[in-house]
Amino acid sequence: MSRQHAITIALTALALGPALAHALELPNKIGLSREAYLLVQQIYHGWALLGIVVILQILLCGVLAWRLRGRIGGSLVLIAFLCAAGTQVVFWGWTYPANAATAQWTMLPEGWEALRAQWEYSHAAGAGLNLAALGFLLAAAVIRH
């Protein structure tokens, strides 16, 4: 396995960690009261820095897909790249609008329950895409060696 492939796998695993944390918290958070939910959301202060990992993950995965195009495992890496990029479609399409509508969860407007569901389920979708990306990267590594 190339160094770039190994680093891409590591970055994808690092991106998956927080995503899985969000998904695993969903059943316990989705029914919280207004006050409890607003309080719990404060634990994510500073998590935006994880965006650096996500950007590097997507960039390296895209470069790796380009390098392996037409070669064994290349299509799997391309699918991994599409999954990783898909996490950003989900984030900017559903997660970020909920963050913006709640001023980063510092206030809860009317209809906040719908925003909560949007935020929670979009994170679960992102976790699924990250998990798939990791699986495809690992499968490509196995097939190539």
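Mind checking which residues of the stretch 24-42 are of a type outside the set (D, E, K, R) and in a helix (DSSP H, G or I)?
L24, L26, P27, N28, A36, Y37, L38, L39, V40, Q41, Q42 - these are the residues of the stretch 24-42 that are of a type outside the set (D, E, K, R) and in a helix (DSSP H, G or I).
Just the residues that are hydroxyl-bearing (S, T, Y) and under 19 Å from G135 (Cβ atoms), please, taken from the stretch 48-101.
Within the stretch 48-101, S75, T87 qualify.
Quickly run through the stretch 105-133 and pick out the residues that are under 17 Å from G86 (Cβ atoms) and not polar (S, T, N, Q).
Y121, H123, A124, A125, G126, A127, G128, L129, L131, A132, A133
Out of everything in the stretch 72-102 that is part of a loop (DSSP other than H, G, I, E, B) and either of a type in the set (F, W, Y) or modelled with pLDDT under 95 (or both), what residue ends up being nearest to L38 (Cα to Cα)?
By that ranking, first place goes to G73.
Look through the stretch 108-145, keep the residues that are without any contact (Cβ under 8 Å) to a residue 24 or more places away in the chain and outside any helix (DSSP H, G or I), and return whichever of them is nearest to L38 (Cα to Cα).
P109
Looking at this structure, is A100 under 14 Å from the mean Cα position of the chain (by Cα), under 20 Å from S122 (Cα atoms) and surrounded by fewer than 19 Cβ atoms within 10 Å (Cβ to Cβ)?
Judged against the criteria, A100 is not a match.
Identify, from the list L14, L50, L56, L60, the residue that is in contact with a Pro (Cβ under 7 Å, 6 or more places away or on another chain), assigned to a helix (DSSP H, G or I), free of Cβ contacts under 8 Å to residues at least 60 places away in the same chain and surrounded by 13 or more Cβ atoms within 10 Å (Cβ to Cβ).
L50
The values are calculated or read from the model by the stated rules, or taken from the named source; none is laboratory data. Values in this document were obtained by computation on a predicted structure and should not be read as measured data. Counting neighbours? That spans all protein chains shown, and the Cβs are built from the backbone with ideal geometry, glycine included.
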